[in-house]
Amino acid sequence: MTERRHDRAFVRTFFTSPTAIEGEEDSAKMLRRAAQLRGMQAPDVWVPDNEDATAPSMRDEGAQNIIDVVSEHGADFPGEIHPRMVWHRDSPGTRYQGFQHMLKIADPEKGAVEHIDGFVIPEVGGIDDWKKADEFFTIVENEYGLEEGSLAMSVIIESGQAELAMRKLRDEMGKPENNLERMFLLVDGEVDYTKDMRAITPTGELPPWPELRHNTSRGASAAGCIAVDGPYDDIRDVEGYHERMTENQAKGMLGIWSLTPGQVVEANTSPLPPKTGSWLLDVDGEQVELESEDGVEVYDGDRMSLEASDGGYELRVGSDTRTLDEDELHEELLGLTSYVPSMDDIVDSMEEFEAAKEAGRGAIAMERSATLRIGGTEFDISTDRMWDEATYQAAMTPISLFQDVYENRPDQHEELEERYSTDVVERAMEVGL
Amino acid sequence: MTERRHDRAFVRTFFTSPTAIEGEEDSAKMLRRAAQLRGMQAPDVWVPDNEDATAPSMRDEGAQNIIDVVSEHGADFPGEIHPRMVWHRDSPGTRYQGFQHMLKIADPEKGAVEHIDGFVIPEVGGIDDWKKADEFFTIVENEYGLEEGSLAMSVIIESGQAELAMRKLRDEMGKPENNLERMFLLVDGEVDYTKDMRAITPTGELPPWPELRHNTSRGASAAGCIAVDGPYDDIRDVEGYHERMTENQAKGMLGIWSLTPGQVVEANTSPLPPKTGSWLLDVDGEQVELESEDGVEVYDGDRMSLEASDGGYELRVGSDTRTLDEDELHEELLGLTSYVPSMDDIVDSMEEFEAAKEAGRGAIAMERSATLRIGGTEFDISTDRMWDEATYQAAMTPISLFQDVYENRPDQHEELEERYSTDVVERAMEVGL
Amino acid sequence: MTERRHDRAFVRTFFTSPTAIEGEEDSAKMLRRAAQLRGMQAPDVWVPDNEDATAPSMRDEGAQNIIDVVSEHGADFPGEIHPRMVWHRDSPGTRYQGFQHMLKIADPEKGAVEHIDGFVIPEVGGIDDWKKADEFFTIVENEYGLEEGSLAMSVIIESGQAELAMRKLRDEMGKPENNLERMFLLVDGEVDYTKDMRAITPTGELPPWPELRHNTSRGASAAGCIAVDGPYDDIRDVEGYHERMTENQAKGMLGIWSLTPGQVVEANTSPLPPKTGSWLLDVDGEQVELESEDGVEVYDGDRMSLEASDGGYELRVGSDTRTLDEDELHEELLGLTSYVPSMDDIVDSMEEFEAAKEAGRGAIAMERSATLRIGGTEFDISTDRMWDEATYQAAMTPISLFQDVYENRPDQHEELEERYSTDVVERAMEVGL
């Protein structure tokens, strides 16, 4: 059986901070600031980054800064803390440096390790390279009397080799010579992956790498780990960040890297169900969110229009106009619309299905209806969707995510209750148990 | 050498029926009805479904119903019969229950097993989990004096683990400790897969999972099995079902789940070549099928127009108009058009190539020409396509499929001959032999 | 550490020629012609093709023709020479024939092998089938006193089995029983792959197989090999060929098959940075290259327009018009534009970053600005892009490719210097060293 062995079953956000900045009075400034984030601005996993975000010459100081800041602020930090060490599949010197930093940071006398949940290892190669890192974790744990496997290990997938290694993880975990059960996050690192794959795009932007993201999500699923996407560089492009997250969520990759507290807020929120439901209309191939006005869902663009004609309707999409009778129009509009349920809607449906199941019924029809207004003309649509055990289980994912967040992030309770209302939050915490 | 070890080399349709319905006078009603399907309404593989389609409390009765209905109707059923048992990678109790049902159903004294071709095992995990199921098949066969490996095993791929397992199948088959050569269908189960991968979409619809479908098709190819896509829930959306099948076919996944006899008809027909050929025109990025009127292929939409001007032509696409001379227009229209060959066309081309090969030629040019009418203006196009051995072999796939269908499904002869004419059917049965 | 073990780290072009044509006075005519290609018309890898391009009855003569033409012209040929032998995973007879041809061609007394860099093996199956071919290479090398592993082996991936085998290559290389370190190119062969996967498309055109191409690129990355895409049949469709190459490059697959010297020119040029930079504008979802007129980047289509209004601007895209103030417009246009840097631009940026690094700075902002003219209205945009070590490394790929080409292909120096200017070429040869 594939077990999840960590406190968190879901991780929405992976937020990195440089550990030491040259030329600042306090080189740990960014660490100190990040350590004090709370609520939606605080990530599920905070990563003091002693690798790429920190200049090579500052990394010894960075290791010391991690100790100083985490021992001071770690107890109060609401998320998990997983510093990133240096590592490289092709450089024994870099690996040894990473090991030394781990040894230093994990020394219980320094007061940081009790607040540290694990370490992040970048630039891993094949599975045997992962085992080298795991062995260092084991030595560190043994040296300081920590329980074997108690420090989680997360890796950055930024080479073809590492992508291939993920498929072996499940087979290697549990062998007596390693403690790979410590594996926690599989995080894509698309910048270095692009370099390793030697990919080229005309503008220099990153390729989308859909197969990598699928394989990471699958690898996580098969080994009881959690999949996280890499950084989204254009921090001003909030819409683009959300589109990427929506794409990732459809792949089962519910977490993403965040580079700023603003991105943390977006990424903490994105996989949660919306506060209010909304209707989508497929207008000539594009999904348009309808505006809700007094219970009527309104499309007022000019690419689609609807008019009543004698005995029927004329529906125009772009330059194509069709005459339809009432039933045909109903069928057509059902095909063109879809509903994005709110948290409240999802909880309602789940409660309804649970009650039906208790009463011995295995499948029930959930009705969904709306009044649409297209080009001024109103029309009612209504449809049933069958819910069975499988529908119920699939709908459970966002709820389980919510429950995981609510249990592990008391600092977000206020914002979550403000978003959804206390009543909805309470009911959401009870379905599926 | 990768062998195919089963009677069918192709499976178009995988049709499930609940085995026992609560509250009906005859709980086997649906089974009885399905068992009497014939012709295009009858699937290549019929799956009395003792798992998700049947309530947990009804599954023992379901196993008995399978025995009753299959022993009565199995001899006359035109497709293969592969009941689905309960199974779960994470539940030994469920696995044991599945084993008990198999033992019960396969008892030769009950009269059903002689009509049963195999069993379908859902919710498998890693390859060692597949071996557990295989071992139960072997025990059942041994218990009843059936030949080892004579019961086919099909699995539902509905977890990341199972997706990863497919790549190992080829290496594991043929080891003396198992009989995995019995493997027949690899069937995607996207609802539970989505749950296992913890994917979320805003509307709750299933993600498209293109990589899963590729990997299933590839796994089938490498192990001599047959790839089948999962259920398409929206049974009223015939167009969507066809689009999904066309997509799957381009991945080498020629079979699909069917939930109703209506879907069976569509899915039995979809991978077969069309009765008549047709021309497609790329109109501003969209493929439009031209209407054939007295041998002229007509586009009468308003997004493209063609007019003769002095010494040339004006071709308008959307709001872009270009002036082209005759040769340029010919070249342009060749680029914008493509031809969907009919069964008759394919057989013609193959016969022509076979004759050329017999005459010692390795490659020949096949001409294809048409008169187009765009916005009232007619224009003739003509092009050659080189056929060599590889083209011929690739064109063979739909013909091999047809031949497999024709040989194994006498109940569909009448409908096939009506569709294609007796002459075309006879010639199609002879090419490539 | 993943090593590259061959002279070339990049291969842009894989050009096949039939080895013997029936009915010609000189059956080696095509070989002789290809052997004399030079400059951009000459491929990085030339493949005298004794398999599919040559009729089965002509293949013994083809092997002799390879000896004759390569011993005469091989010394002067500017690219590498890798003849393709016959092979099939399912046919021992074909494999033995391929072995015999290799033995014949590699005989040092015949004078060809000193100019031959390796052989291409088509139709391979699982990794053990690759080992059979490798063993024949070893025997040939041993027989003639050549160094073990000195003949490179390239394979055509044209089955699901072979696709799966690529993931094992890294694990199998270096085992004492094989010399798989000789592996050089992984070349997709989509025609036969489509047949093996039994895929069907309505018009008979090849499916795009994006996952196969990803997996080939990843397999190459993990094993220090080079990924090459298969043939693009429609040799008149230059635009389509370029689109395919751009897609491939974003996957890290920088090489492609070429069927004609014209395709070789396109494919040799495509992965190199352009001579001049250009701006792209996203017009309603389509990337349009702006025309540069006296330093102004001009969009003069009718799907987007820009007009100054009192205190702001009106930006129309299609039929949607928005009123924006100057800052909003700047932000909007930054989002809609992107820049395709020239070789000169890339070298500039890299030099600037190298200087900054020398001065102890780990990240610098690179400014990019332009004057746009949309519908007659001009507007200036300007943006900074942060460059750090990772950006620098990723930008290195096209430069490394260029350096590899320049070092290995003196016959292309003149054309490259004409394209970029001597100054840019010289600077490009010095960055990153």
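The values are calculated or read from the model by the stated rules, or taken from the named source; none is laboratory data. As the structure is a prediction and not an experimental result, all values here were calculated from the model. Using ideal geometry, Cβ is built from the backbone for each residue, glycine included, and neighbour counts are taken over all protein chains shown. Each accessible area value is taken on the protein alone, full model and side chains, heavy atoms only, with ligands, DNA and RNA left out. Shrake-Rupley method; radii C 1.70, N 1.55, O 1.52, S 1.80 Å.
Return the calculated 222 nm mean residue ellipticity for chain C, to the nearest 500 deg cm²/dmol, obtained by summing -39500 (n - 2.57) across DSSP H runs with n ≥ 4 and dividing by the residue count. Before the final figure, lay out each step's value.
Numbers: 15 runs with 168 residues, N = 433.
Rounded to the nearest 500, it is -12000 deg cm²/dmol.
Return the carbon/sulfur percentage of the accessible area of the protein assembly as shown, one whole number, probe 1.4 Å, all protein chains in place.
With neighbouring chains kept in place, the figure for the protein assembly as shown is 44 percent.
If you place +1 on the Cβ of every Lys and Arg and -1 on the Cβ of every Asp and Glu, how big does the dipole about the Cα centre of chain A come out, in debye to the nearest 20?
On the way: 40 positive and 93 negative charges, 411 e Å.
Result for chain A is approximately 1980 debye, rounded to the nearest 20.
Probe radius 1.4 Å, ligands and nucleic acids left out: which of B:Ser91, C:Ser27 has the largest accessible area, and how do the rest follow?
On the way: B:Ser91 35, C:Ser27 10 Å².
Result of the area sort, largest leading: B:Ser91, C:Ser27.
Can you tell me the orientation of helix B:127-143 relative to chain B, as the angle in degrees between its alpha-carbon axis and the longest Cα principal axis, to the nearest 10?
For B:127-143 against chain B, the angle is about 60 degrees.
On the Cα set of chain A, report Rg and Dmax in Å, please.
Expressed in Å, the Cα Rg and Dmax of chain A come to 25.1, 86.
State to the nearest 20 debye the size of the charge dipole of the protein assembly as shown about its Cα centre, where the only charges are +1 on K and R beta carbons and -1 on D and E beta carbons.
It comes to approximately 5060 debye.
Could you give the length gained by full extension between B:Gln36 and B:Arg322, i.e. 0.36 nm per residue of separation minus their alpha carbon distance, to one decimal place? Each step should come with its number before you reach the end.
Values: separation 286, 0.36 × 286 = 102.96 nm, distance 5.98 nm.
That works out to 97.0 nm of additional length.
Which of the residues in the range B:230-274 lose at least 30 Å² of accessible area when you go from the chain alone to all protein chains together (probe 1.4 Å)?
Residues losing area: B:Arg236, B:Gln249, B:Ala250, B:Lys251, B:Gly252.
Just to confirm the numbers: B:Met366, label point 7 angstrom along the Cα-Cβ line, distances to the other copies in nm, shortest first?
Inter-copy label distances (nm, one decimal, shortest first): 4.9, 4.9.
For the range A:220-246 and the range C:398-429, write down the distance between their C-alpha centroids in whole Å.
When both Cα centres are located, 38 Å separates them.
Is there a simple number for the mean count of other chain Cβ atoms within 10 Å of the Cβ of residues in B:385-396, and what is it?
On the way: counts 3, 1, 0, 4, 5, 9, 4, 1, 5, 13, 3, 2.
Mean shielding by partner chains, rounded to a whole number: 4.
Give me, ordered by chain and number, the residues 5 or more places off C:Glu297 or on other chains with an amide H under 5 Å from its own placed amide H.
Under 5 Å from the amide H of C:Glu297 lie the amide H atoms of C:Thr371, C:Leu372, C:Arg373, each far enough along the sequence or on another chain.
The protein assembly as shown: D in µm²/s via Stokes-Einstein (Kirkwood Rh, Cα pairs, 25 °C, 0.890 mPa s)?
Values: Rh = 33.7 Å.
It comes out at roughly 73 µm²/s.
What's the Kirkwood radius of the range C:368-409 in Å, using all Cα pairs?
After inverting the pairwise mean of 1/r, the radius is 13.4 Å.
Set Lys and Arg Cβ to +1 and Asp and Glu Cβ to -1, take the dipole of chain B about its Cα centre, and tell me which of B:Ala133, B:Met173, B:Gly93 lies farthest positive.
The residue sitting most towards the positive pole is B:Gly93.
Provide the per-residue ³J(HN,Hα) series for the range C:207-219, in order, calculated from phi with Karplus coefficients 6.51, -1.76, 1.60 and θ = phi - 60°, each as a whole number of Hz, with x at glycine and proline positions.
x, x, 6, x, 5, 4, 5, 4, 5, 5, 5, 5, x
Do you know which residues of the range B:130-171 lose at least 20 square angstrom of accessible area in the protein assembly compared with their chain on its own, with a 1.4 angstrom probe?
Relative to the lone chain, where solvent access is computed with a 1.4 Å probe, the range B:130-171 loses at least 20 Å² at B:Gln161, B:Glu163, B:Leu164, B:Arg167, B:Lys168, B:Arg170, B:Asp171.
Total accessible area buried between chains A and B, 1.4 Å probe, in Å² to the nearest 100?
On the way: alone 20310 and 20300 Å², together 37790 Å².
That pair hides around 2800 Å² of surface in total.
Between beta-carbons, use under 10 Å as the cut-off and find the net charge around A:Glu351, counting Lys and Arg +1, Asp and Glu -1. All intermediate terms of the calculation are to be shown ahead of the outcome.
Working: positive: A:Arg427; negative: A:Asp348, A:Glu352, A:Glu354, A:Glu430.
Computed value for this residue: -3.
With a Förster radius of 51 Å, plug the Cβ-Cβ distance of B:Tyr144 and A:Asp107 into 1/(1 + (r/R0)^6) and report the FRET value to the nearest 0.05. Walk me through the intermediate numbers first.
Details: r = 66 Å, r/R0 = 1.29.
Working from the Cβ atoms, E equals 0.20.
Using a label point 7 Å beyond Cα on the Cα-Cβ vector, give me the inter-copy distances for C:Gln287 in nanometres, one decimal, shortest first.
2.4, 2.4
Which distance in Å, rounded to a whole number, links the C-alpha centroids of the range A:1-44 and the range A:166-189?
Going from one Cα centre to the other spans 23 Å.
How much length would be gained if the chain were fully extended between A:Glu25 and A:Glu205, taking 0.36 nm per residue of separation minus their Cα-Cα distance, in nm to one decimal? Can you show the working numbers first?
Numbers: separation 180, 0.36 × 180 = 64.80 nm, distance 3.50 nm.
Difference between extended and current length: 61.3 nm.
Report the FRET efficiency, 1/(1 + (r/R0)^6), for C:Asp234 and B:Glu389, where r is their Cβ-Cβ distance and R0 is 22 Å, rounded to 0.05. It would help to have the intermediate numbers written out before the result.
Numbers: r = 19 Å, r/R0 = 0.87.
Rounded to the nearest 0.05, the efficiency is 0.70.
What does the average come to when, for each residue of peptide B:207-219, you count the partner chain Cβ atoms lying within 10 Å of its Cβ? All intermediate terms of the calculation are to be shown ahead of the outcome.
Values: counts 6, 1, 4, 5, 11, 2, 1, 11, 8, 0, 5, 11, 2.
Across the residues of B:207-219, the mean count of other-chain Cβ atoms within 10 Å is 5.
Identify which of A:Trp87, A:Trp279, A:Trp46 has the largest mean-square fluctuation in a Gaussian network model of chain A, with springs joining Cα atoms closer than 10 Å.
Between A:Trp87, A:Trp279, A:Trp46, it is A:Trp279 that shows the largest mean-square fluctuation.
Taking a probe of 1.4 angstrom, what is the accessible area of B:Lys110 in Å², to the nearest 10?
Roughly 80 Å² of B:Lys110 is accessible to a 1.4 Å probe.
Amide H neighbours of B:Ile157 under 5 Å, counting only residues 5+ apart in sequence or on other chains, H built in-plane at 1.01 Å?
B:Val187, B:Asp188, B:Gly189
Over all residues in B:331-342, what is the mean tally of Cβ atoms on other chains that come within 10 Å of each residue's Cβ?
On the way: counts 1, 0, 0, 3, 5, 0, 1, 5, 3, 4, 3, 0.
Other-chain Cβ atoms within 10 Å of each residue's Cβ, averaged: 2.
Using only Cα atoms, tell me the angle between helix C:326-336 and the longest principal axis of chain C; keep it within 0 to 90° and round to the nearest 10.
For helix C:326-336, the angle is close to 10 degrees.
Counting heavy atoms of the protein chains only and a 1.4 Å probe, report the per residue accessible area for the range B:13-269 as a whole number of Å².
Numbers: 8510 Å² over 257 residues.
With all protein chains present, the range B:13-269 gives 33 Å² per residue.
Please report, for the Cα atoms of the range B:278-391, the Rg to one decimal and the Dmax as a whole number; what are they, in angstrom?
16.4, 51
Based on the mean of other beta carbon atoms within 10 Å per residue, what is the order of A:159-165, B:354-360, most packed first? The partial results should precede the final answer.
Values: A:159-165: 26.6, B:354-360: 12.1.
Ranking the peptides A:159-165, B:354-360 by packing returns A:159-165, B:354-360.
In this model, which of C:Lys29/C:Lys110; B:Lys175/C:Lys195; A:Lys132/C:Lys131 are farther than 23 Å apart at the alpha-carbon? Intermediate values should be presented prior to the final figure.
Numbers: C:Lys29/C:Lys110 20 Å; B:Lys175/C:Lys195 28 Å; A:Lys132/C:Lys131 29 Å.
In this structure, B:Lys175/C:Lys195; A:Lys132/C:Lys131 lie more than 23 Å apart at Cα.
Considering only protein heavy atoms, with the full assembly of protein chains and a 1.4 angstrom probe, order A:Arg182, C:Arg170, C:Arg95, B:Arg38 by accessible area, largest first. Don't jump to the answer; show the numbers that get you there.
Numbers: A:Arg182 0, C:Arg170 80, C:Arg95 35, B:Arg38 100 Å².
Reading off the accessible areas and sorting them downward yields B:Arg38, C:Arg170, C:Arg95, A:Arg182.
Quick check on the range B:343-425: take the gyration tensor over C-alpha atoms, sort the square-rooted eigenvalues as a ≥ b ≥ c, and tell me if it's rounded (a/c under 1.5), prolate or oblate.
Since a/c reaches 1.5 but b/c is at least a/b, the shape of the range B:343-425 is classed as oblate.
Would you kindly find the accessible area of A:Lys132, with a 1.4 Å probe and non-protein molecules such as ligands, DNA and RNA excluded, rounding to the nearest 10 Å²?
90
Leaving ligands, DNA and RNA out of it, rank C:Phe353, B:Phe136 by accessible area with a 1.4 Å probe, largest first. Write out the running numbers ahead of the final one.
Details: C:Phe353 0, B:Phe136 45 Å².
From most accessible down to least: B:Phe136, C:Phe353.
Find every distance from the label point of C:Glu378 to the corresponding label point in the other copies (7 Å from Cα along Cα→Cβ) and write them in nm, one decimal, shortest first.
Values, ascending and in nm: 5.4, 5.4.
Once phi is turned into ³J(HN,Hα) by the Karplus curve 6.51 cos²θ - 1.76 cosθ + 1.60 with θ = phi - 60°, what whole-Hz value does each residue of the range B:405-422 show in order, with x for glycine and proline?
These are the phi-based 3J(HN,Hα) values: 5, 5, 5, 9, 10, x, 5, 9, 3, 4, 5, 5, 6, 5, 5, 10, 5, 4 Hz.
In whole angstrom, and with the biggest value first, how far do the Cα coordinates of the range C:13-269 range along each principal axis?
Largest first, the range C:13-269 extends 48, 45, 31 Å along its Cα principal axes.
GNM on chain C, C-alpha springs below 10 Å: top fluctuator among C:Pro398, C:Pro261, C:Pro210?
C:Pro210
Rounded to whole Å, how close does chain B get to the rotation axis onto A by Cβ? Give me the residue too, please?
Nearest-to-axis residue on chain B, with distance in whole Å, is B:Glu211, 3.
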